[in-house]
1. Return the residue satisfying two criteria in turn: it lies in the stretch 233-256 and is in contact (Cβ under 8 Å) with a residue 24 or more places away in the chain and part of a loop (DSSP other than H, G, I, E, B), and of such residues it is most open to solvent (accessible area, probe 1.4 Å).
2. Scan the stretch 196-219 for residues that are among the aliphatic types (A, V, I, L, M), out of contact with any Pro (no Cβ under 7 Å at 6 or more places or on another chain) and over 16 Å from L248 (Cα atoms) and jot them down.
3. Collect the residues in the stretch 53-63 that are open to solvent by 30 Å² or more (accessible area, probe 1.4 Å) and more than 20 Å from E133 (Cα to Cα), keeping them in residue-number order.
4. Taking V220 as the residue in question, decide whether it is in contact with a strand residue (DSSP E or B) (Cβ under 7 Å, 6 or more places away or on another chain) and within 30 Å of L148 (Cα to Cα).
5. Within the stretch 150-160, is even one residue at pLDDT 90 or above, open to solvent by less than 60 Å² (accessible area, probe 1.4 Å) and closer than 15 Å to V256 by Cα?
6. For L196, are the conditions met, namely being among the aliphatic types (A, V, I, L, M), closer than 26 Å to S155 by Cβ and surrounded by 15 or more Cβ atoms within 10 Å (Cβ to Cβ)?
7. Only residues that are over 21 Å from K176 (Cβ atoms), outside any loop (DSSP other than H, G, I, E, B) and open to solvent by 30 Å² or more (accessible area, probe 1.4 Å): list them for the stretch 203-232, please.
Amino acid sequence: MQGFWLAEWMVNNASGVPDYTPILIDLMKRSGFKSFAELSRISGLSRTNINWIRQGRILDLRLQKVLLLSEVFQVELAILLSNFSPNNSVGIRRLQLQDGENQPISVNLRRKPDSSDHKHEELQQKVVMLQQEYQRQQQQLQTQKEYLLMEYQKSTIQALESLLLQWPTAAYAARKNPDAPAIKLLPLLIPLEKLLGSWGVIPIGEVGAEMAYDPQWHQVVSMAGQALILGDAVRIRYVGYRQGEQLLYRAKVSPV
């Protein structure tokens with residue numbers, strides 16, 4: 001296999017195209033890869049992508065693929081870019097965030113004396129594009145994470161709907177009769193209450209409590225011929241829930 005790599009490198013090198021194959025082969029050996037095909041299969045890079053790296057065109061790759069290659073070889077991004085960028089060295093300055101993560105905030109190319117202004121400017125633009133793509137993907141991942149969390153909370157609350165609406169009333173009845181066996185079950189719901197609290201889900205009222213009627217948060221279940229207006233006294237029959245200012249379930253009330 002080593003003979004095959006050597007033969008292929010000699011052919012490419014003879015063409016006069018910048019060849020970084022020996023550097024790539026060295027990294028592959030350190031990481032246990034035995035062929036370019038294996039590297040392609042494990043890393044997800046196409047053979048065209050690998051050939052670009054061998055030609056010193058690593059900045060032509062999308063940032064996601066460069067980051068993946070950095071993880072596969074366990075090599076810092078700055079070092080990887082520098083090793084496979086012709087006539088340039090790449091420096092990445094990092095900003096220490098409050099949560100302890102390091103995020104690249106700028107990438108600088110330092111020319112060697114024999115590098116042309118045009119080539120330097122072209123590479124600088126490519127690095128800027130890589131940085132912009134990285135930031136875009138980070139924002140996209142954060143947005144997706146928030147969306148998935150909201151969907152998970154929504155589906156969980158819907159699955160627990162009957163329990164959330166009925167349990168407080170059952171618990172109220174159990175507290176009214178301390179000798180009933182159901183009183184022993186009340187502590188079992190404490191973890192659920194804490195979970196909902198961490199999601200910002202807040203009960204609307206307490207069973208048996210009196211409060212002023214508000215049609216935004218209350219649903220009348222027993223009119224008894226009496227029309228209610230805003231501010232009338234009502235008693236909570238079944239609690240409701242809201243998440244922030246978003247209504248999940250109205251509390252069911254009856255006139256006092």
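The values are calculated or read from the model by the stated rules, or taken from the named source; none is laboratory data. Remember, predicted model here, so these are calculated numbers, not experimental data. No Cβ is skipped: glycine too gets one built from the backbone with ideal geometry, and neighbour counts run over all protein chains shown. Accessible surface is based on the protein model in full, side chains and every heavy atom, while ligands, DNA and RNA are left aside. Shrake-Rupley method; radii C 1.70, N 1.55, O 1.52, S 1.80 Å.
1. Just the residues of the stretch 233-256 that are in contact (Cβ under 8 Å) with a residue 24 or more places away in the chain, to begin with: 234-244, 247-256.
Now narrow it down to the ones that are part of a loop (DSSP other than H, G, I, E, B): 239, 244, 250, 256.
Values: V239: 8, G244: 35, R250: 108, V256: 89 Å².
Here the answer is R250.
2. A209, M211, A212
3. Here is the first cut: in the stretch 53-63, the ones open to solvent by 30 Å² or more (accessible area, probe 1.4 Å) are 55, 57, 60, 62.
Once the filter is applied, which keeps residues that are open to solvent by 30 Å² or more (accessible area, probe 1.4 Å) and more than 20 Å from E133 (Cα to Cα), the stretch 53-63 yields only Q55.
4. Working: in contact with a strand residue (DSSP E or B) (Cβ under 7 Å, 6 or more places away or on another chain): yes; within 30 Å of L148 (Cα to Cα): no.
Here the answer is no, as V220 does not meet what is asked.
5. no
6. Working: among the aliphatic types (A, V, I, L, M): yes; closer than 26 Å to S155 by Cβ: yes; surrounded by 15 or more Cβ atoms within 10 Å (Cβ to Cβ): yes.
Spelling it out, L196 is indeed among the aliphatic types (A, V, I, L, M), closer than 26 Å to S155 by Cβ and surrounded by 15 or more Cβ atoms within 10 Å (Cβ to Cβ).
7. A212, Q219, V220, listed by residue number.
Yes/no matrix, rows are residues, columns are (1) charged (D, E, K, R); (2) at pLDDT 85 or above; (3) part of a helix (DSSP H, G or I); (4) surrounded by fewer than 12 Cβ atoms within 10 Å (Cβ to Cβ):
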{"position": "N51", "(1), (2), (3), (4)": "no, yes, yes, no"}
{"position": "K65", "(1), (2), (3), (4)": "yes, yes, yes, no"}
{"position": "S89", "(1), (2), (3), (4)": "no, no, no, no"}
{"position": "R94", "(1), (2), (3), (4)": "yes, no, no, no"}
{"position": "V107", "(1), (2), (3), (4)": "no, no, no, no"}
{"position": "Q124", "(1), (2), (3), (4)": "no, no, yes, no"}
{"position": "Q132", "(1), (2), (3), (4)": "no, yes, yes, yes"}
